[in-house]
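The next block holds one structure in the form of structure tokens; read it before the comments.
Taken together, the values in this text are just the output of simple stated rules run on the coordinates, not laboratory data. The structure presented is a predicted model; accordingly, all values stated were derived computationally and were not measured. Neighbour counts are summed over all protein chains in view; Cβ atoms, including those assigned to glycine, are modelled from backbone coordinates with ideal geometry.
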Amino acid sequence: MSSEVLLDNPHEMGCTGLPHRKILMWAFLASDCMFFGSLISTYLVYRGHSTDHPLPEDIFDIPLTSTSSFVLLLSSWLMVLALSAIQKGKLWEFRLWTLGVAFFGSIFLGFQVYEFTHFVHSGLTLKQNLFGSTFFVLTGTHGCHVAIGVLWLMSLFFYSFIGGVTKERSLDVEIAGLYWHFVDIVWIVIFTAVYLLEYII
Amino acid sequence: MSQHASDLDFEHDGHHQGGGHPSVLFYNIIAISLFVVTALEVGVLYPPLSEAGTYFRVILLIVLSIGKFAIVVAFFMHLFFDAPLLTFLFAVGMVIATGTVAALINVMPAAEHPLQPRGKPKHPPVESATPAPHALLEWKNQRPS
Amino acid sequence: MNRWIKYWQPMLAALAVSGCSLSGPQSTLDADGPVARIQYETFLVTLWVSVAIFAVVGGMFLYCLVNFRAPGGEVSRDYPLPDQGHGNPLLEIGVIFVSILLVGIVAVPAVYGVLYAGTLPEGQKPLRINVTGYQWWWKFEYPELGVVTGNEAGIPVGRPVEFHVQTSDVLHSFWIPRLGGKMDLTPGQDDWLWLQADKPGVYWGQCTEFCGESHAFMRMRVVALEPEAFDKWAAHQKEGVANTKPPAAINKFQCLACHALRGLPGGETGNRGPDLTHVGSRTSIAAGIKENTPGNLKAWIHNPNDLKPGNIMYKQGYIDMWQNLMHVQLTDAEENELVDYLTSLK
Amino acid sequence: MHIEPVKEKGFYDFLGRQVEPKGLIGWLTTVDHKRIGILYAVTALLWFLVGGIEALAIRSQLAMANLRLYSAETYNQMFTMHATTMIFLVVMPLAAGFFNYMVPLMVGARDVAFPRLNAFSYWMFLFGSLLINASWLFNAAPNGSWVGYPPLSLFQYSQGHNYDFWLIGLQVLGIASVAASLNFITTIINMRAPGMTMMRLPVFVWMTLVTNFLVVLAFPVITIALAELMFDRTYATNFFNPMKGGLPIWWQHLFWVFGHPEVYILILPPMGIVSEVLPVFARKPLFGYPLVVGSGMGIGFMGFTVWAHHMFASGMGNIANAAFALTTMTIAIPTGVKIINWVGTLWKGQIRMRTPMLFALGFIYQFMMGGFSGLMHANAAHDAQQHDTYFIVAHFHYVLIGGALFGLWSGIYYWYPKITGRMMNEARGHAAFWFLFIGFNTTFFPMHWLGLNGMPRRIYSYSHAQGWDQLNLLCTVGAFTMAVAVLLLFTDMFWLSLKYGEKAGGDPWDGRTLEWSIPSPPPVYNFEEIPTVKALDDFWITKHPELLHHEEDSAAHAAGAGHGAHHVHHDDHGIHMPGGSWFPMFASAGFAIGAWGLVHSGGMYHIKEAIQPALDAAAKAGVSWDQLVSTAQTVVSSKTPDAQNILNVVNAESVLKLQACYNGVKTAIVGGVLGVLGIFLWALEPIGGYYIHKEKEEHAGE
């Protein structure tokens, strides 16, 4: 999509003074709110309906998940730094931070892969019980979003070496950043609603 | 060409409030406060509190995560500095999503309300009896009335 | 409330100009119990509010169409324009207020009706019946009376009946139109509804939630009896089979694996099909789709799939057991014998 | 006029973008919103024929008691596919056709915001619709009603691929809808001509905007519901499995959280069309424009608060029933406001009874009827009697045929001259209207009576004793009358008027909005010069300058100045047009292949679980999977168990099914990779396109 709205493309800027893609992205994020809203409410509604073990309190590991939450927050931080760098035209700084974001995103995915493997070894599978179904589908969908984000950022990273990412085209980075931060805020909700609440009630 | 380029640049765009995007230092402060809030969230779990403290913790957690959510959306995603139209777009989705989730949770015939403390023991293990696909007739509703 | 009925019913009858009968066996307009009646009354309120709005707005609409035609049906572009009014705020506000008022008029009886139908009446202790839906028939159990029957339930006149509905497989919906609204049979929920019959009679019902291939053939009947007659009926239903000399076909084809014939050795446990202990006393067979005559019964036994495609008596009983396992077919004589026996189970 | 391609080197130069679309390749690679609009509409109309044939089949089966024209199973497939087709493949895409064609013209834009995304939406829609209908060829058409309630839709009760086709097909259609809607939201918000403030947008554009917000917010919910059900069927999860504590009612909630906004997605665009047609043929501005717009938004928002009125009989409890009854009744208020405003538009107008107007008036009458029966269902007490009966069938056909379809037909007759450059025949149009109007009311009005008389929906047969014979026969007669109207429309639209119709100028109806200010059919670049809008109904004001008040004029200037970011792009290097692209089709074809694979992986884990003992035995005997499959083939063809006694006939069949599932998964992966590859190539594609230079002399020719 990116070349569709190159700077010299007359279709780029609209009558509200905002680029089309930014409006598209925010509308998409609004849509994604409903997407994750449905998944999270599925998880919450089915809390306490599982008929078999293992249950969350049997297998959740809060220190581990907290660490991966910190990792995702850290990547969000690097994302704003990357955007800030490219808006000032500092290409190498942008590359560094972008690589960092993708790296920490991958670390987060690594944590998730570890967690999933661990859970499967503890007997929690998609079909074991309702907790397994709802948990894996919710966090797995989020993981897919993270993976797409990593792919996107790596594309930008490589694209920057053939002149695809410049100060004038910093919108490309900003859009990717919006997506990445959204993935982060979804995790904020999931972390609270799925993991932390489990430890209190 | 240059005319288009300047449109993309936030500093020159009349639609953006605050007249420019924040400095790196600002981002760093935001990021550190996010870390602190997350640490607080995890910390909330550990001090031993009575049953009444449970509600306090739930409310505190919800407040803290809403705060984090708002900070990321407002500053990392620039919504605070950006055109109000974008805030409106996102708010439409957020408001309807939040309302729908709340309504769904309350209207479902939940065994227990998902945000209420549960009594223990929680789930006596029941015999697993997944039916073979062809054994349709054995597949009965197991929930006691 | 009864005053309303007297008043509205003739008007509705006048509305029903089509000449087609509106009092079929499943008509919701012939309310024969308090629940159906209250629902019918709230419907009438909505109906007449709608008719009133339709008269006013539709009248205006028609008036416009008749009176504000372009002269000659078509006007040239330079013909003087009509008044270019953009709207009338006062009128708009008025319309909003009137519609809020009308919605209020409709809403109050609706909420009253919901509460009435959703609350067990005080006073008389209701009779409890557990209804279980199967693809595609109904089981009725009377936990207090120890009675089990299939597809046809007896109820006493003038006493509320509390139906607890649950399903053994997919969603169904329990509906006796003349007695009251329906309730879905949803797995994981303990749903109930109460109905009451005002006068004796046979009330037809039908499954209204799509439940698979033969959804159309999942019907039932509720027989309302005077209280004494009901007690007699219940006592009789409790007894085992009257004719304890079953034909050989019953064992040969393992009918009792699915059907119960209480009083016969091994006949207590079958629960995949309707209880046949008093099948001869019912008015219909095959979940209310055919009158209970020997001819119909024979047709049903001969090929259940013909009357009710996809049912398990055919799929699992006939195909699996008869053809795949035992390789036998019913002869005509055996069918007749079976029909005679079942008809004798009054 | 001459054309000059953009000279730009991209990341790669092979498969360059089509400069000027020509012939079949032009249509396949097109990114022109007008061509895509035509594609949408024509595809939708073809599916309309299919759905109509299904409807006639349904009505034939029900014409008399105890008819057995075809089997119960076929009937179930018929009504399921009729609903699915009419909702997702006809009304939505036909409206999308109008969005595509008309919205850029009405807001004064050269194209939509993302032309290639637009093409992608169309191809996704086309492939999704083909996928869902391909099920007929496999004798596995969806057969569990368009709501697909579990447990009936779980693998335990439905072991064919019927539901898999339905689930994956809808998923693909959902992607198409959301992509298109994001595009239109951006277009409407961001591509308005200078001076075209939001409150000067034509009502149709407003309703498009509201509709697309509804799509964007409602479709994610059904996406999740469909994914959960798909996981239940394929990967043996437990979302709706009551054995494991799953609640089938949860599907109903999710489905209707989507399903009710979906109803407004279907009805709001026709409301917009009618709001355009009425002022034109009454020669008056729309009565109460701000209120019509506001009530459209109100209806859209309220659409998210009422879903559970589809579930009054599902045992939600008194409080929920009463609450949802109240919110549902509230919707009657904005709807009533709209109808009053339409009548107000007619008041003291000069009504011209042309065919579009006839359909618009039919819409008002029938939508009113549908609204009243809607109010009757909102009454939760009596809805317990109406729910899932023919009363409901009557209601939603009044809204969806009497409302949506009449509105869309009105739009067809109204905009046909703009799209083809030829008028549709008035006499045939009037005939089609009266056939449709009389046929429709004959078909569906008696259904109210049938429903009140206790006839449930979705039954394929009934008996004489139930007393529904005469009315059903009447309904069937009406249905065939409607078929005559459809034939009239199609012959007229695709043949007679297209070939012999009288030539239409740019403005045959004395129109009010911007699309009538350009030639018919519009040139590829739409507007030679992007217009500056001075008022609501700008073209009308241009024709009648005396109507423009002085203060409005100056306000217009102020507003126009506020839109400083707008650029006019045809100055020195002509009008830039985007070039055609292969990649939207390429990417969507990849995803369609993936979807095809997913369909065929349906039931995988259930089948695996059923034959697990045989698999274990095979593993113990050291038989590899490939050997097991070939053994299974032998066993199935010879109908005797194998020598090692691992597989009996039933298990062997299951092994082959499982192998098919695995192949499905492989296909899905290949398709997904192709789709993602398509998107990457699309992103790296050079911008391309071409510039159109208009010569002076050609201006005179128009």
* Asked: When Rg is the radius of gyration of the Cα atoms in the protein assembly as shown and Rh is its Kirkwood radius, what does Rg/Rh come to?
  -> 0.97
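Taking neighbour Cβ counts within 10 Å as the exposure measure, how do C:E209, D:E609, C:E92 sort from fewest upward?
Numbers: C:E209 30, D:E609 15, C:E92 21.
Listing C:E209, D:E609, C:E92 from fewest to most nearby Cβ atoms yields D:E609, C:E92, C:E209.
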* Taking a 27 Å limit on the Cα-Cα distance, which of the listed pairs D:K34/D:K348; C:K308/C:K346; D:K418/D:K499; D:K22/D:K543; C:K252/C:K346; A:K22/D:K34 fall beyond it? -> D:K34/D:K348; D:K22/D:K543
* Using a 10 Å cut-off on Cβ to Cβ distances, tally the other chain neighbours for every residue of A:72-81 and report the average as a whole number. => 5
* To do: Have a look at the DSSP beta bridges in region C:127-226 and tell me what percent are antiparallel, nearest 5.
  => 65
* To do: Go through region D:257-270 residue by residue and turn each phi into a ³J(HN,Hα) via Karplus (6.51, -1.76, 1.60, θ = phi - 60°); whole Hz please, and just put x for glycine and proline.
  => 4, 7, x, 6, x, 4, 4, 6, 4, 6, 9, 5, x, x
* Where Lys and Arg each count +1 and Asp and Glu each count -1, what net charge lies around A:V137 among other residues with Cβ under 12 Å from its Cβ? -> -1
* Take the Cα atoms of region D:89-200, build their convex hull, and give its volume per residue in Å³. => 106
* Counting only complete DSSP H runs, which helices of chain C cover 27 Å or more along their long axis at the Cα atoms and score a mean Kyte-Doolittle of 1.0 or above? -> C:34-53, C:89-117
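Taking a ≥ b ≥ c as the square roots of the Cα gyration tensor eigenvalues, with a/c under 1.5 meaning rounded and otherwise prolate when a/b beats b/c, else oblate, which class fits region C:248-344? Spell out each step's value before the answer.
Working: a/c = 1.33, a/b = 1.10, b/c = 1.21.
Rounded shape, in that the Cα axes give a/c under 1.5.
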* Structure fact -> Expected vector for region D:274-289, Karplus 3J(HN,Hα) from phi with 6.51, -1.76, 1.60 and θ = phi - 60°, integer Hz, x for Gly and Pro, equals 4, 5, 7, 6, 4, x, 5, 8, 10, 6, 9, x, 4, 5, x, 3
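Determine the sum of side-chain charges near D:G315: Lys and Arg each +1, Asp and Glu each -1, restricted to other residues whose C-beta is under 11 angstrom from that of D:G315.
On the way: positive: C:K182; negative: C:D184, C:D190, C:D191.
Once all neighbours under 11 Å are counted, the net charge is -2.
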* Provide the per-residue ³J(HN,Hα) series for region C:273-281, in order, calculated from phi with Karplus coefficients 6.51, -1.76, 1.60 and θ = phi - 60°, each as a whole number of Hz, with x at glycine and proline positions. => x, x, 5, 9, 4, 10, 4, x, 8
* In a GNM of chain C with a 10 Å cut-off on Cα contacts, which of C:H302, C:H172, C:H164 has the highest mean-square fluctuation? -> C:H302
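How much length would be gained if the chain were fully extended between C:Q124 and C:F97, taking 0.36 nm per residue of separation minus their Cα-Cα distance, in nm to one decimal?
On the way: separation 27, 0.36 × 27 = 9.72 nm, distance 4.39 nm.
Length gained, C:Q124 through C:F97: 5.3 nm.
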* Once the Cα atoms of helix D:355-378 and of chain D are each reduced to a long axis, what angle between those two axes, in degrees from 0 to 90 to the nearest 10, is obtained? -> 50
* Work through the residues other than D:A141 whose Cβ is under 14 Å from its Cβ and net out their charges, Lys, Arg +1 and Asp, Glu -1. => -4
* Enumerate the lysines that D:K666 could reach by cross-link, defined here as Cα to Cα under 19 Å, with residues fewer than 8 away along the same chain left out. => D:K608, D:K657
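Using a/c under 1.5 as the rounded threshold, could you call region D:18-521 rounded, prolate or oblate? The axes a ≥ b ≥ c are square roots of the C-alpha gyration tensor eigenvalues, and prolate needs a/b larger than b/c, oblate otherwise.
Working: a/c = 1.45, a/b = 1.34, b/c = 1.08.
Taking the square roots of the gyration eigenvalues as a ≥ b ≥ c, region D:18-521 is rounded.
Would you work out if chain C is rounded, prolate or oblate? Take a ≥ b ≥ c from the square roots of the eigenvalues of the alpha-carbon gyration tensor; rounded if a/c is under 1.5, else prolate when a/b is larger than b/c, oblate otherwise. Don't jump to the answer; show the numbers that get you there.
Details: a/c = 3.05, a/b = 2.08, b/c = 1.46.
Verdict is prolate for chain C.
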